[in-house]
1. Rank I86, V118, A108 by how far each Cα sits towards the positive end of the charge dipole of the range 5-164 (+1 on Lys, Arg Cβ; -1 on Asp, Glu Cβ) and give me just the farthest.
2. Multiply the residue gap between D47 and L102 by 0.36 nm, knock off their C-alpha separation, and tell me the result in nm, one decimal place.
3. Once label points are set 7 Å from the Cα along Cα→Cβ at both E84 and A137, what is their separation, rounded to one decimal in nm?
4. Roughly what would the spin-label model give for D16 and S59, points 7 Å off Cα along C-beta, in nm?
5. Considering only DSSP states other than H, G, I, E and B, which trypsin sites (Lys or Arg not before Pro) in the range 1-78 qualify as loop sites with at most 12 other Cβ atoms within 10 Å?
6. Not counting the cut sites, what is the longest span of the chain without chymotrypsin sites (Phe, Trp or Tyr not before Pro) that DSSP labels loop and that have at most 15 other Cβ atoms within 10 Å?
7. Would you calculate a helix-derived [θ] at 222 nm for the chain, using -39,500 (n - 2.57) for each DSSP H run of n ≥ 4 and dividing by the full residue count, to the nearest 500?
8. Please state, as a whole number in µm²/s, the translational diffusion coefficient that the Stokes-Einstein equation yields for the range 42-164 at 25 °C and 0.890 mPa s, with Rh defined as the Kirkwood radius across alpha carbon pairs.
Amino acid sequence: MLTRIDNALLDTLCADAAASPRRRKNLNLHTSDTALAHRLLNAVQTDSYIAPHRHLDPSKDETFVVLRGLMGLLIFDEAGNVTEQIKIGSGRTANSAENTALGADIPAGTWHTSFALVPDTVILEAKAGPYHPLTEAERAPWAPAENTPEAATRLASWHALFEV
């Protein structure tokens, strides 16, 4: 079945994200968790915390492109220090002098997180399937868990790294 990716779909997905306790919502474009290629839309609100993680399977590079809004992408070293920060958006913003990346391809094994810098941000994400939940070795031991006060504090510090 064809899925039309248009503003009406993105509006609905953003409304679902705003109503979600996690403040994000994905729409899988692949047919099952066992699919060899995973493609999904992910709508993210500015207060959604995605814990830093990595994908150890060498086939699980992660690619995402921002369709709407603006994301911050952080890359970390093994100790949790930020080694790279990239602003990723759906194009140049009217008040931005620099070029904003349109997307990123994150190699497997790289510690990373991303977060919305403006409300109603939507990304198109692709990576190899099948789906497997993150293992303990793929969860950053130096990062707060989701839904904790420490997570909210950490997210605020990450937002401060980017001037929107």
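1. The listed residue farthest towards the positive side: V118.
2. 17.6 nm
3. 2.3 nm
4. A separation of 2.7 nm, rounded to one decimal place.
5. Hits after loop and neighbour filter: R4.
6. Values: sites that count: Y131, W142.
My reading of the result: 1-130 is the longest stretch.
7. Details: 2 runs with 25 residues, N = 164.
About -5000 deg cm²/dmol.
8. 165 µm²/s
Taken together, the values in this text are just the output of simple stated rules run on the coordinates, not laboratory data. This one's a predicted model, so the numbers in the text were calculated from it and none came from an experiment. Here Cβ is always computed from backbone atoms with ideal geometry, including for glycine, and neighbour counts include all displayed protein chains.
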